[in-house]
Amino acid sequence: MIMEKMTRVSVFESTKQQELQLIKSKLEEQNITATIENSYLTFLTTPTATNMRVMVSLKDEQEAFKIIDDYIKETDLEITK
């Protein structure tokens, strides 16, 4: 069986681990596989930069944004870009 390479995209970024876990849980409740990754992968950023992001499969991107938007509206979570 050939494994298709999955294109993953970032749907949410934060420096707060708790926030990221919450979003990841919300997505997984809707059967969307989500992973959390560090967004600093170069030497140009400082090691103290702890920005993390929630990644989903490209095919789940639109649904993931909808779930996150609904969640943010529900909770009045302050999201800063």
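The values are calculated or read from the model by the stated rules, or taken from the named source; none is laboratory data. Note that the structure is a prediction, hence the values are computed from the model and not measured. In this analysis, Cβ positions are derived from the backbone assuming ideal geometry, glycine residues included, and neighbour counts consider all displayed protein chains.
Scanning the range 63-81 for residues that are at pLDDT below 75 and surrounded by 10 or more Cβ atoms within 10 Å (Cβ to Cβ) yields Leu77, Ile79. Taking (1) closer than 13 Å to Glu13 by Cβ; (2) at pLDDT 90 or above in turn, Leu58 satisfies each apart from (1).
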